[in-house]
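To start, the structure under review is shown below, and the notes come after it.
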Amino acid sequence: MAIHARRVRIGVLVSSNTFRHPAILARQAITLDHMSGGRLDVGLGAGWFVPEHEAFGLDFPAPGERVSRFREAVEVLDRLLRQERTTYAGRYYQLRDTVSLPRPIQSPRPPLMLAGHGPRMLRIIAEWGDLWNS
(Lines give C-alpha, C1' and ligand atoms only; values in the text may rest on other atoms or scores of the structure.)
Protein backbone atom coordinates (compact mmCIF):
# COMPACT_ATOMS: atom_id res chain seq x y z
CA MET A 1 0.00 0.00 0.00
CA ALA A 2 2.79 2.44 0.88
CA ILE A 3 4.32 2.06 -2.57
CA HIS A 4 1.12 2.25 -4.63
CA ALA A 5 -1.11 4.73 -2.76
CA ARG A 6 0.65 8.04 -3.38
CA ARG A 7 -1.62 10.60 -1.68
CA VAL A 8 -2.53 9.13 1.71
CA ARG A 9 -0.47 9.08 4.88
CA ILE A 10 0.19 5.62 6.27
CA GLY A 11 0.84 4.01 9.65
CA VAL A 12 -0.91 2.30 12.51
CA LEU A 13 -2.90 4.31 15.03
CA VAL A 14 -1.27 2.48 17.94
CA SER A 15 1.60 0.05 18.07
CA SER A 16 1.95 -1.36 21.57
CA ASN A 17 5.30 -0.52 23.11
CA THR A 18 5.24 -3.90 24.85
CA PHE A 19 5.39 -5.72 21.50
CA ARG A 20 8.84 -4.63 20.27
CA HIS A 21 11.98 -2.77 21.28
CA PRO A 22 11.83 0.91 20.20
CA ALA A 23 15.05 0.48 18.16
CA ILE A 24 13.33 -2.20 16.06
CA LEU A 25 10.28 0.03 15.64
CA ALA A 26 12.56 2.90 14.53
CA ARG A 27 14.17 0.72 11.84
CA GLN A 28 10.77 -0.43 10.62
CA ALA A 29 9.53 3.17 10.61
CA ILE A 30 12.48 4.41 8.57
CA THR A 31 11.90 1.65 6.01
CA LEU A 32 8.21 2.53 5.72
CA ASP A 33 8.99 6.23 5.52
CA HIS A 34 11.17 5.50 2.50
CA MET A 35 8.68 3.10 0.91
CA SER A 36 5.90 5.69 1.25
CA GLY A 37 7.94 8.61 -0.02
CA GLY A 38 7.82 10.34 3.37
CA ARG A 39 4.16 9.80 4.30
CA LEU A 40 4.48 7.78 7.52
CA ASP A 41 2.91 8.62 10.87
CA VAL A 42 4.33 6.49 13.72
CA GLY A 43 1.68 5.43 16.26
CA LEU A 44 2.73 4.22 19.71
CA GLY A 45 1.00 3.49 23.01
CA ALA A 46 1.96 1.89 26.32
CA GLY A 47 -0.07 -1.30 25.77
CA TRP A 48 -3.33 -2.20 27.43
CA PHE A 49 -5.02 -5.34 26.03
CA VAL A 50 -4.22 -8.25 28.37
CA PRO A 51 -5.65 -11.07 26.16
CA GLU A 52 -3.38 -10.01 23.28
CA HIS A 53 -0.31 -10.16 25.51
CA GLU A 54 -1.37 -13.58 26.82
CA ALA A 55 -1.95 -14.87 23.28
CA PHE A 56 1.54 -13.70 22.25
CA GLY A 57 3.17 -15.04 25.43
CA LEU A 58 4.31 -11.54 26.42
CA ASP A 59 4.65 -10.13 29.91
CA PHE A 60 2.09 -7.50 30.85
CA PRO A 61 3.72 -5.14 33.37
CA ALA A 62 1.72 -3.13 35.88
CA PRO A 63 0.39 0.25 34.68
CA GLY A 64 3.15 2.31 36.33
CA GLU A 65 5.88 0.27 34.70
CA ARG A 66 4.15 0.33 31.30
CA VAL A 67 4.03 4.14 31.45
CA SER A 68 7.70 4.34 32.52
CA ARG A 69 8.70 2.00 29.69
CA PHE A 70 6.61 4.06 27.26
CA ARG A 71 8.36 7.27 28.36
CA GLU A 72 11.78 5.78 27.67
CA ALA A 73 10.63 4.17 24.42
CA VAL A 74 9.30 7.47 23.07
CA GLU A 75 12.58 9.22 23.84
CA VAL A 76 14.60 6.39 22.25
CA LEU A 77 12.35 6.40 19.18
CA ASP A 78 12.60 10.19 18.84
CA ARG A 79 16.40 10.12 19.08
CA LEU A 80 16.78 7.24 16.61
CA LEU A 81 14.54 8.98 14.08
CA ARG A 82 16.36 12.35 14.45
CA GLN A 83 20.02 11.39 14.88
CA GLU A 84 22.55 9.34 12.92
CA ARG A 85 24.02 7.88 16.13
CA THR A 86 22.32 7.34 19.47
CA THR A 87 23.54 6.29 22.89
CA TYR A 88 20.93 5.89 25.60
CA ALA A 89 21.19 4.56 29.15
CA GLY A 90 17.73 4.11 30.62
CA ARG A 91 16.25 1.72 33.11
CA TYR A 92 14.46 -0.33 30.44
CA TYR A 93 16.35 0.45 27.23
CA GLN A 94 20.05 0.82 26.51
CA LEU A 95 21.72 1.74 23.22
CA ARG A 96 25.43 2.01 22.53
CA ASP A 97 26.38 4.15 19.56
CA THR A 98 23.45 2.83 17.53
CA VAL A 99 23.56 3.91 13.88
CA SER A 100 20.34 5.01 12.16
CA LEU A 101 21.10 5.09 8.46
CA PRO A 102 19.56 5.77 6.10
CA ARG A 103 17.83 8.75 7.67
CA PRO A 104 14.03 9.09 7.36
CA ILE A 105 12.79 11.16 4.43
CA GLN A 106 10.70 13.37 6.74
CA SER A 107 12.64 15.94 8.70
CA PRO A 108 13.31 16.22 11.52
CA ARG A 109 11.50 12.83 11.78
CA PRO A 110 8.16 11.22 10.91
CA PRO A 111 5.34 12.52 13.13
CA LEU A 112 4.72 10.60 16.35
CA MET A 113 1.07 9.82 17.10
CA LEU A 114 1.12 8.92 20.78
CA ALA A 115 -1.82 7.20 22.41
CA GLY A 116 -2.97 7.45 25.99
CA HIS A 117 -4.75 9.31 28.73
CA GLY A 118 -4.10 9.96 32.39
CA PRO A 119 -1.77 12.58 33.83
CA ARG A 120 1.58 10.83 33.27
CA MET A 121 0.72 9.72 29.75
CA LEU A 122 -0.57 13.16 28.78
CA ARG A 123 2.68 14.78 29.99
CA ILE A 124 4.67 12.39 27.78
CA ILE A 125 2.37 13.01 24.83
CA ALA A 126 2.57 16.80 25.29
CA GLU A 127 6.38 16.69 25.43
CA TRP A 128 7.11 14.28 22.57
CA GLY A 129 4.01 13.84 20.44
CA ASP A 130 3.00 15.51 17.21
CA LEU A 131 -0.44 13.86 17.18
CA TRP A 132 -2.61 12.45 19.96
CA ASN A 133 -4.76 9.32 19.85
CA SER A 134 -7.12 9.01 22.82
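The values are calculated or read from the model by the stated rules, or taken from the named source; none is laboratory data. The model shown is predicted, which means the values in this text are computed figures rather than measured ones. All Cβ positions, glycine included, derive from the backbone under ideal geometry; neighbour counts span all protein chains shown.
Tabulated results
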| read-out | value |
| --- | --- |
| Output for region 1-26, where each listed residue is surrounded by fewer than 20 Cβ atoms within 10 Å (Cβ to Cβ), in contact with a Leu (Cβ under 8 Å, 6 or more places away or on another chain) and not small (Gly, Ala, Ser) | ARG9, ILE10, VAL14, PHE19 |
| Exclusive hit being touching a Gly at 6+ places or on another chain (Cβ under 9 Å), without any contact (Cβ under 8 Å) to a residue 60 or more places away in the chain and β-branched (Val, Ile, Thr), set VAL50, VAL74, VAL8 | VAL74 |
| Qualifying residue in region 59-73 (condition: among the aliphatic types (A, V, I, L, M) and over 21 Å from GLY129 (Cα atoms)) | yes |
| Pair list, Cβ under 8 Å, 6 or more apart: region 107-134 residue exposed (fewer than 12 other Cβ atoms within 10 Å of the Cβ), other residue assigned to a loop (DSSP other than H, G, I, E, B) and of a type outside the set (Ser, Thr, Tyr) | SER134/GLY116; SER134/HIS117 |
| Wholly enclosed helices (runs of 4 or more DSSP H) of region 17-105 bearing at least 2 residues of a type outside the set (A, V, I, L, M, F, W, C) and closer than 26 Å to ALA126 by Cβ | 22-35, 63-82 |
| Selected residue [of a type in the set (Lys, Arg), modelled with pLDDT of 95 or more and closer than 18 Å to ARG91 by Cβ] from ARG27, ARG66, ARG39 | ARG66 |
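Residue-by-condition table, conditions (1) surrounded by fewer than 16 Cβ atoms within 10 Å (Cβ to Cβ); (2) not basic (Lys, Arg):
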site	(1), (2)
PHE49	yes, yes
ALA62	yes, yes
ARG66	no, no
ARG71	no, no
VAL74	no, yes
LEU80	no, yes
ARG85	yes, no
TYR88	no, yes
ASP97	yes, yes
